[in-house]
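Student: Here it is, the structure, as structure tokens.
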Amino acid sequence: MRQGVRIAVDVGQVRVGIARSDSDGILAMPVGTYQRGKNDFSAVRELIDTHQVLEIIVGLPRNMDGSEGKSASEARRWARRIARKVAPIPVRMVDERLSTVSAHQLLHEAGRKEITHRSVIDQVAAGIILESALAQERTTGSPPGELISVQEN
């Protein structure tokens, strides 16, 4: 397992949830939920400035049949933008099917009322994305997901 903090991002239409790992890649911890387009990039930048960040993992919301729709296109666009802002730190996309459903289920099981989910659901989903990516790396011995290429436009 590679050493270094990983940051995971769940990109939504309105909000962006962020989680981070410890430097050993064992624990995933929610960081926060941010307004998309307002303070989402600065929140990631602050984490990079505070921790030795190995990579950023962005959830790719594929459809159940594996195809990509509008949400996946938006997540890819966000990933390309952050990749340009944080280069040379790599940005990877990992399949996040059902992460939000799983996050709702976790919050429900923890006794949290559905009405209060909105404020934390994105960061919990980011934690689930991160846990999945860490497990994938432990299993395969390779970095998870698809590396986003930083191309000058």
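None of the figures in this text is laboratory data; all of them are computed from the coordinates on show. In this text the structure is predicted, and so the values were computed from the model without any measurement. Cβ atoms come from the backbone with ideal geometry, glycine included; neighbour counts cover every protein chain shown.
Student: If you count, for each residue, the other Cβ atoms within 10 Å and average over each peptide, how do 41-51, 121-131, 3-13 line up from highest to lowest? Present the calculation step by step, with values, prior to reporting the outcome.
Tutor: Details: 41-51: 15.2, 121-131: 26.7, 3-13: 22.1.
Ranked from most to least packed, the peptides come out as 121-131, 3-13, 41-51.
Student: A further question follows. Using modelled backbone amide H atoms (1.01 Å from N, in-plane), which distant-in-sequence or interchain residues come within less than 5 Å of D22's amide H?
Tutor: The list, which skips near neighbours in sequence, is L27.
Student: What list of ³J(HN,Hα) values in whole Hz, one per residue of the stretch 45-55 in order, does the Karplus curve 6.51 cos²θ - 1.76 cosθ + 1.60 (θ = phi - 60°) give from phi, with Gly and Pro shown as x?
Tutor: For the stretch 45-55, the Karplus-derived couplings read 4, 4, 5, 5, 5, 8, 10, 7, 7, 7, 6 Hz, x marking Gly and Pro.
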